[in-house]
Each structure stands twice: as C-alpha cells, then as structure tokens.
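Trainee: Please see the structure below; I have some questions.
The values are calculated or read from the model by the stated rules, or taken from the named source; none is laboratory data. Bear in mind the structure is a predicted one, so any value in this text is a computation, not a measurement. Neighbour counts are summed over all protein chains in view; Cβ atoms, including those assigned to glycine, are modelled from backbone coordinates with ideal geometry.
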Amino acid sequence: MQVGALGTNCYIVSCKRTNEAMIIDPGGNTSDIVSYVHAKKLRVKAIVDTHGHADHITANDDLRNLVDARLYIHEKDSAMLASAEKNLSLFIGRPIELRAADGYLKDGDTLAIGDIVFTVLETPGHTPGGISLYTDKGSVFSGDTLFYLSVGRTDFPGGSMRQLNESIKTKLFTLPDKTAVYPGHGPSTDIGTEKEQNPFIF
C-alpha cells in the first residue's frame with residue numbers, strides 16, 4: 001500500500017500456510033497497516049527498513065507498539081532512526097526520532113517468514129546502508145535503489161551515484177531476468193526490463 005506524504009510503497013508479505021508476515025518500509029498510515037494485518041489474521045514476525053529515510057520509517061515505533069515484531073535495518077543506516085536531521089524529517093517540517101532497531105542486517109543474511117526466505121543484498125548508494133530483499137519466490141524488494149526505468153536519488157547526505165550503479169549491476173542485475181522488482185516508490189518492474197531499458201545505469 002502507498003503510505004505517507006511521499007507515497008512510499010509499504011509491503012506486507014505473508015506466507016499463506018503459516019500466516020506469518022513481514023512489513024517492509026512502514027513509512028506511515030499505521031492504522032491502515034494494522035487494519036490489514038488484523039483483517040488477514042497475520043502474525044507479523046519482522047519489520048524491515050530498506051534504508052533510514054523518514055518516508056520509509058515513520059510508522060516503525062507505532063507498529064512495534066501494536067504488533068509483536070522485531071525491527072531490522074542495516075547498521076550503517078541505524079543512526080538515522082534517532083536523528084531527525086539524518087533521516088531528513090527535520091527538513092520537511094515533521095521531525096521524527098525513533099527507537100533503535102532490534103537487530104542489524106548485512107549482506108547474505110536470511111529471514112524466514114513461514115515458507116518464504118528473504119536474502120539480504122547490500123545495495124548502498126541512495127544511503128550508505130541501503131539494502132534490498134530477494135526472495136526465493138522470484139522477487140526483490142529494492143527500496144529506493146532501483147525503480148521502474150529509474151534509480152534512487154544520490155544527492156542526499158551519504159549518497160553516491162557510482163556506488164548506486166555498482167550496487168545495481170553487481171547485486172540486482174545478476175538476478176534472473178524474470179525477477180519481479182518491487183520498489184520503494186512507483187510501479188513494479190522486472191530485472192530484464194531494467195537491464196534493457198533503464199537509462200540511468202552506466
């Protein structure tokens with residue numbers, strides 16, 4: 001669902017057999033997220049921030065107060081949770097400072113949500129600790145690293161276009177062409193389309 005003022009894509013991924021679920025990038029609209037979780041009778045096991053910008057983390061603490069789930073982020077973005085300056089919320093007039101994560105994720109880590117296994121891919125460039133989540137079901141949640149025919153901004157503190165391109169080419173473009181890409185904003189796409197048509201990859 002799209003959440004927050006910037007229309008961030010928040011994903012609720014669940015296992016049909018166990019009803020276990022993961023929430024990815026809860027950037028707002030806590031009540032909508034919780035209503036969906038309750039309606040589907042899901043058991044949220046993890047909340048994951050693909051990076052530490054405000055539009056992807058705003059609902060972290062509210063959700064943790066309502067569902068019994070651990071919050072994860074990459075260590076390099078962890079300081080952004082507690083700093084309105086670092087997570088950029090200070091500059092849009094809605095400063096937020098949140099609790100620390102329960103754990104850190106690094107390249108190669110796995111998270112099992114019922115029958116779905118997520119593998120962490122470190123994809124820095126948009127932020128130093130940006131990550132993507134690749135599932136054994138043939139999809140990747142790319143945060144603000146890769147969008148439909150576009151890429152994440154690199155003009156924020158800690159951003160690097162060179163690093164972003166390297167992340168996309170070595171971590172995302174090595175996935176099968178049919179891999180579905182679910183980005184942090186905008187429509188979904190697939191790896192094959194982005195390899196052939198994305199004009200921002202050099």
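Trainee: Please list, ordered by first then second residue, the pairs with beta carbon atoms under 8 Å, 6 or more apart or interchain, first in the range 49-66 and closer than 14 Å to ASP32 by Cα, second modelled with pLDDT of 95 or more and of a type in the set (Asp, Glu).
Mentor: ASN60/ASP49
Trainee: Further question: Quick check, is THR127 more than 22 Å from CYS15 (Cβ to Cβ), in contact with a Lys or Arg (Cβ under 6 Å, 6 or more places away or on another chain) and polar (S, T, N, Q)? Show your work before the answer.
Mentor: Working: more than 22 Å from CYS15 (Cβ to Cβ): yes; in contact with a Lys or Arg (Cβ under 6 Å, 6 or more places away or on another chain): no; polar (S, T, N, Q): yes.
So THR127 fails the test.
Trainee: Which pairs have Cβ atoms under 8 Å, sit 6 or more apart or on different chains, and link a residue in the range 74-100 that is at positive phi to one that is assigned to a loop (DSSP other than H, G, I, E, B)?
Mentor: Close Cβ pairs (under 8 Å, with a partner that is assigned to a loop (DSSP other than H, G, I, E, B)) amount to LEU88/HIS53; LEU88/PHE156.
Trainee: Quick one: would you say TYR72 is in a strand (DSSP E or B), in contact with a helix residue (DSSP H, G or I) (Cβ under 9 Å, 6 or more places away or on another chain) and buried (at least 20 other Cβ atoms within 10 Å of the Cβ)? Break it down into steps so the answer makes sense when it comes.
Mentor: Working: in a strand (DSSP E or B): yes; in contact with a helix residue (DSSP H, G or I) (Cβ under 9 Å, 6 or more places away or on another chain): no; buried (at least 20 other Cβ atoms within 10 Å of the Cβ): yes.
It is false that TYR72 is in a strand (DSSP E or B), in contact with a helix residue (DSSP H, G or I) (Cβ under 9 Å, 6 or more places away or on another chain) and buried (at least 20 other Cβ atoms within 10 Å of the Cβ).
Trainee: Also, I was wondering about something else. For the range 161-196, how many residues meet the condition of being out of contact with any strand residue (DSSP E or B) (no Cβ under 9 Å at 6 or more places or on another chain) and among the acidic types (Asp, Glu)?
Mentor: Result for the range 161-196: 2.
Trainee: Farther than 21 Å from LEU133 by Cα and either crowded, with 19+ Cβ neighbours inside 10 Å or modelled with pLDDT under 95 (or both): which single residue out of SER14, SER31, SER89 fits that description? Steps first, please.
Mentor: On the way: SER14 fails: farther than 21 Å from LEU133 by Cα; SER31 fails: either crowded, with 19+ Cβ neighbours inside 10 Å or modelled with pLDDT under 95 (or both).
After ruling out the rest, the residue left standing is SER89.
Trainee: Then there's this: Against the condition over 19 Å from CYS10 (Cβ atoms), among the hydrophobic types (A, V, I, L, M, F, W, C), part of a loop (DSSP other than H, G, I, E, B) and touching a strand residue (DSSP E or B) at 6+ places or on another chain (Cβ under 9 Å), how does PHE156 come out, does it pass? If you could, list the steps in order and put the result at the bottom.
Mentor: On the way: over 19 Å from CYS10 (Cβ atoms): yes; among the hydrophobic types (A, V, I, L, M, F, W, C): yes; part of a loop (DSSP other than H, G, I, E, B): yes; touching a strand residue (DSSP E or B) at 6+ places or on another chain (Cβ under 9 Å): no.
No; evaluated as a whole, the condition is false for this residue.
Trainee: Let me ask another. Residue under question is LEU175, and the condition is that it be under 15 Å from the mean Cα position of the chain (by Cα), over 15 Å from HIS53 (Cα atoms) and either in a loop (DSSP other than H, G, I, E, B) or at pLDDT 95 or above (or both); does it hold?
Mentor: The answer is no for LEU175.
Trainee: What are the residues in the range 36-61 that are buried (at least 22 other Cβ atoms within 10 Å of the Cβ), hydrophobic (A, V, I, L, M, F, W, C) and in a helix (DSSP H, G or I), if any?
Mentor: ALA54, ILE57 - these are the residues of the range 36-61 that are buried (at least 22 other Cβ atoms within 10 Å of the Cβ), hydrophobic (A, V, I, L, M, F, W, C) and in a helix (DSSP H, G or I).
Trainee: Need the failing condition index for LEU90 against (1) assigned to a strand (DSSP E or B); (2) under 21 Å from THR127 (Cβ atoms), just the number.
Mentor: (1)
Trainee: Could you tell me which residue of the range 154-192 is surrounded by the most Cβ atoms within 10 Å (Cβ to Cβ), considering only residues that are without any contact (Cβ under 8 Å) to a residue 40 or more places away in the chain and β-branched (Val, Ile, Thr)?
Mentor: Initial filter on the range 154-192 (without any contact (Cβ under 8 Å) to a residue 40 or more places away in the chain): 154-155, 158-163, 169-170, 173-174, 176-177, 187, 190, 192.
Within this subset, residues satisfying the condition of being β-branched (Val, Ile, Thr) are 154, 170, 174.
Values: THR154: 17, THR170: 12, THR174: 11.
If we take residues in the range 154-192 being without any contact (Cβ under 8 Å) to a residue 40 or more places away in the chain and β-branched (Val, Ile, Thr), then THR154 is surrounded by the most Cβ atoms within 10 Å (Cβ to Cβ).
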